Amino acid sequence: MLNKYPLWKYLLVLFVLLLGLFYAAPNLYAPDPALQITGESSAQQIDQKTWDRALTALNDAGIEHFGEEIDPDGRNALVRLANADQQLVAQSSVSRALGDGYIVALNLAPTTPDWLSNYGAQPMKLGLDLSGGVHFKLEVDVDAAVERRMEYYLNSTKRVLREKRVRGFVTLNKDDKIEARFKTEEAREQARELIAEENPELILDRVDEVDSWNLLAAMSEQTRKEIADYSVTQNLTTLRNRVNELGVSEPLVQRQGQNRIVVELPGIQDTAEAKRILGKVANLEFRLVANLDAAPSEKQRFQYRSPDRAGASEWLERDVIITGERVSTAQASFDQNGQPNVQISLDNEGGTLMSRATRHNIKRRMGVLFIERKYRTRYEVDEAGNEVVVKVPYDEKRLLTAPVIQSALGAQFQITGLDNPLESSELALMLRAGALAAPISFVEERTVGPSLGAENIRKGVQSVYYGLALVVLFMVLYYRVFGVAAVVALSFNLILLVAVMSMLGATLTLPGIAGIVLTVGMAVDANVLIFARIREEIVNGLSPQMAIHSGFARAFTTIFDANFTTLIVAVILYAVGTGPIKGFAVTLSVGIVTSMFTAILGTRALINLIYGGRRVKKLSIGGRQS
């Protein structure tokens with residue numbers, strides 16, 4: 001008999017429907033507003049005493065909370081709040097109670113039941129316009145970038161004078177100018193030529209004193225502006241790389257003003273991890289261990305970072321061989337003894353500098369200096385009598401390791417002396433994503449207000465409801481039983497669309513909801529083509545069963561061509577678009593695929609169940625039938 005599927009096709013449609021229902025179900029469970037607490041270091045653990053201080057701070061502030069939990073490894077703690085409006089107050093209270101050394105981040109804690117999450121079923125991530133994710137405003141410390149460049153010029157000047165055996169005393173004065181003192185005018189002039197050749201962007205001035213001939217080197221205002229602009233641009237690139245490492249979908253990282261960067265991470269769950277990774281100013285310096293007889297002005301003393309060597313220190317030369325900015329790739333690994341390390345690959349210039357420095361210093365030791373920007377929190381009272389939080393930055397410089405140079409190093413080597421695999425993974429991520437050209441600080445952190453997000457969600461859902469209601473009304477009145485089958489298939493299509501987007505981890509935004517509304521119309525459009533063809537076949541004299549078969553078969557090509565061309569446009573939108581446009585393109589692409597399945601296979605299965613395998617004299621499809 002015509003229009004009767006084999007059993008396996010019915011089971012396939014039923015299986016896909018049940019699978020869609022399962023993976024779409026988590027979206028029925030709204031997340032709870034929460035605070036997430038983690039240490040500044042990935043290896044830092046949260047003990048019970050620290051956790052009790054945080055909960056006490058919430059109780060003292062009168063903030064209702066529940067669902068307190070600490071990860072088994074002790075790295076993360078999470079507390080759920082009863083009211084989203086109290087998140088910022090709760091964050092301020094806990095941050096003050098814990099002090100420096102801990103990151104307290106805003107979060108949205110999932111409420112998906114275990115029977116769903118155990119099988120990988122998670123709700124769709126919501127974009128910032130639908131409440132979800134986090135917004136950071138970062139400020140770049142351009143003065144620190146200028147200061148770092150002056151230190152580079154200072155070391156470069158010392159090196160070139162030492163190589164050419166020009167004797168002089170070179171320092172950086174309080175005006176951030178390089179001051180070089182010489183005993184003879186001839187030495188000063190020779191130094192002036194060498195410095196001008198090595199760093200032509202410096203402005204050189206001669207200053208004569210009673211017993212010395214001096215040279216002052218300073219940067220021009222134009223050079224300072226270029227360094228400041230470069231530091232912001234480089235930090236922008238580095239932050240984008242770090243966001244990519246976090247795996248956030250549809251992020252926004254853009255410059256705002258002269259020295260600020262806005263980062264929006266929609267749908268992210270581990271906001272504490274994001275804040276630590278984005279704000280971590282971790283860099284490396286490779287320096288030779290200083291000789292015992294070196295002058296005090298030529299060396300610096302640093303303590304080891306590892307707790308196993310607490311209190312131990314080394315004297316390092318002030319001259320830097322290379323910094324972390326020369327690292328092209330970095331990968332966490334283990335050595336032959338099972339200890340964590342980081343495999344380093346340098347760029348061409350970095351490899352050349354490392355080879356030159358180590359080739360002539362075999363059997364000497366080289367220190368790997370870990371530099372991290374940290375902040376001390378102070379609470380002050382402004383002129384209006386309001387308490388304000390002041391973050392005072394400082395650089396913590398600690399030694400990771402200081403091994404003996406056994407042979408000349410090239411562009412590839414490894415860093416050892418790390419405490420655990422978590423620390424090696426984080427350091428590798430920092431170096432791989434790129435070192436920040438200048439320190440950054442968080443000047444604003446917030447989630448989108450729940451009222452705005454709820455309003456957007458309400459209006460978006462209403463638009464889907466209204467569109468769906470009008471389509472249902474038209475299809476049922478105009479196509480009758482066939483219209484009912486189309487409506488059931490359309491509901492099936494929406495379930496599949498939500499399920500696939502949840503499985504892909506896609507972020508739903510307002511443009512994405514527009515894509516869903518458009519998908520509803522496109523899915524019905526396919527059914528309209530099929531039903532119109534069936535009517536034509538009946539008018540042309542075919543039997544009802546033959547008309548059904550012919551209608552579905554002949555309309556397929558038209559439906560496929562129309563959807564395929566739309567899919568091409570969606571792919572192009574995703575390729576060239578950014579942010580909301582990509583969200584629209586993703587929703588549209590998934591909707592096209594699911595609507596093809598439901599409009600052709602799903603609707604056909606329903607029609608076959610209603611009319612297939614039996615004699616039918618007339619179809620309930622509306623219109624004039626002969």
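Using the Cβ-Cβ distance between Glu380 and Thr329 with R0 set to 45 Å, the FRET efficiency works out to roughly 0.55. Relative to its residue count, the chain spans a Cα convex hull of 212 Å³ per residue.
Placing +1 on each Lys and Arg Cβ and -1 on each Asp and Glu Cβ, with no other charges, gives the chain a dipole about its Cα centre of roughly 2860 debye.
Each peptide in 474-485, 72-83 receives the mean, over its residues, of other Cβ atoms within 10 Å, and ordering these scores from highest gives 474-485, 72-83. Distance between Cα centroids, region 315-390 to region 514-531: provide it in whole Å. Their Cα centres are 57 Å away from one another. The string of couplings for region 26-37 from the Karplus curve (6.51, -1.76, 1.60, θ = phi - 60°) is x, 6, 7, 9, 6, x, 9, x, 8, 10, 10, 10 Hz, one whole number per residue in order, with x for Gly and Pro. Phi angles of region 483-499 translate, via the Karplus equation with coefficients 6.51, -1.76, 1.60 and θ = phi - 60°, into HN-Hα couplings of x, 4, 4, 5, 5, 4, 5, 5, 4, 4, 5, 5, 4, 5, 4, 5, 5 Hz per residue; Gly and Pro are given as x.
Only helical runs count toward this figure. For the chain, summing -39,500 (n - 2.57) over DSSP H runs of n ≥ 4 and dividing by all residues gives -15500 deg cm²/dmol at 222 nm.
The length gained on full extension between Asp347 and Glu209, counted as 0.36 nm times the residue separation minus their Cα-Cα distance, comes to 45.3 nm. With 24 Å as the limit on Cα-Cα distance, the pairs of Lys183/Lys225; Lys137/Lys391; Lys137/Lys459 that go past it are Lys183/Lys225; Lys137/Lys459. Amide H contacts under 5 Å for Ile405: Lys363, Arg364, Arg365, Met366, restricted to partners 5 or more places along the chain or on a different chain, H placed in the peptide plane at 1.01 Å from N. Taken along the Cα-to-beta-carbon direction at a fixed 7 Å, the label points for Asn540 and Phe15 span 3.6 nm.
Placing unit charges on the Cβ atoms of the charged side chains and taking the dipole of the chain about its Cα centre, the candidate lying farthest along the positive direction among Pro580, Tyr23, Asn337 is Tyr23. Across region 32-109, the relative contact order, built from alpha-carbon pairs under 8 Å that are at least six residues apart, equals 49 percent. Model label sites at Tyr394 and Leu216, defined 7 Å from Cα along the beta-carbon direction, differ in position by 3.2 nm. Over region 467-626, the ratio between the Cα radius of gyration and 2.2 N^0.38 Å evaluates to 1.11. Taking other C-beta atoms within 10 Å as the exposure proxy, Arg188, Arg224 rank Arg224, Arg188 from fewest upward. Exposure proxy for Arg149, Arg287: other Cβ atoms within 10 Å of each Cβ, ordered fewest to most, give Arg149, Arg287. Taking a ≥ b ≥ c as the square roots of the eigenvalues of the Cα gyration tensor, an a/c ratio of 1.5 or more together with a/b larger than b/c marks region 145-223 as prolate. As a proxy for reagent exposure, ranking Lys617, Lys299 by other Cβ atoms within 10 Å from fewest up yields Lys617, Lys299.
Based on C-alpha pairs under 8 angstrom that are at least 6 apart in sequence, region 4-139 has a relative contact order of 33 percent.
Remark: the Glu198-Leu88 segment gains 34.4 nm on full extension, using 0.36 nm per residue and subtracting the alpha carbon distance. Dipole orientation for region 505-626: of the candidates Ala555, Val520, Ile592, Ala555 has the Cα lying most toward the positive pole (charges on Cβ; Lys, Arg +1; Asp, Glu -1).
In region 32-109, the C-alpha radius of gyration followed by the widest Cα-Cα span (Dmax) gives 11.2, 32 angstrom. Charges were assigned to the Cβ only: +1 to each Lys and Arg, -1 to each Asp and Glu. The resulting dipole of region 87-219 about its Cα centre is roughly 400 debye. A Cβ-based charge dipole, computed about the Cα centre of region 145-223 with Lys and Arg at +1 and Asp and Glu at -1, lands at about 420 debye.
The distance linking region 130-171 with region 85-116 is 36 Å (Cα centroid to Cα centroid, whole angstrom).
Compared with the alpha-carbon gap, the fully stretched path from Val484 to Lys174 is longer by 103.4 nm at 0.36 nm per residue. Rg to Rh ratio, region 282-435, alpha-carbon atoms and Kirkwood radius? Taking Rh as the inverse mean 1/r over Cα pairs, Rg/Rh reads 1.06. Could you give the Stokes-Einstein D for region 123-189 in µm² per second, using the C-alpha Kirkwood radius, 4 °C, 1.567 mPa s? Rounded, D is 82 µm²/s. Kindly state, to the nearest 0.05, the FRET efficiency for Ala408 paired with Asp293, given R0 = 22 Å and r defined as their beta-carbon distance. E(calc), rounded to 0.05, equals 0.35.
As a length-normalised measure over Cα pairs under 8 Å and 6 or more apart, the relative contact order of the chain settles at 17 percent.
Would you mind checking region 376-410 for residues with the amide N under 13 Å from a putative spin-label position 7 Å along Cα→C-beta of Thr56? It comes to no residues whatsoever.
A short reminder: the numbers here are calculations on the coordinates, not readings from a lab. Since the model is a prediction, treat every value here as computed from it, not as a measurement. Heads up, the Cβs are rebuilt from the backbone with ideal geometry, glycines too, and the neighbour counts pull from every protein chain shown.
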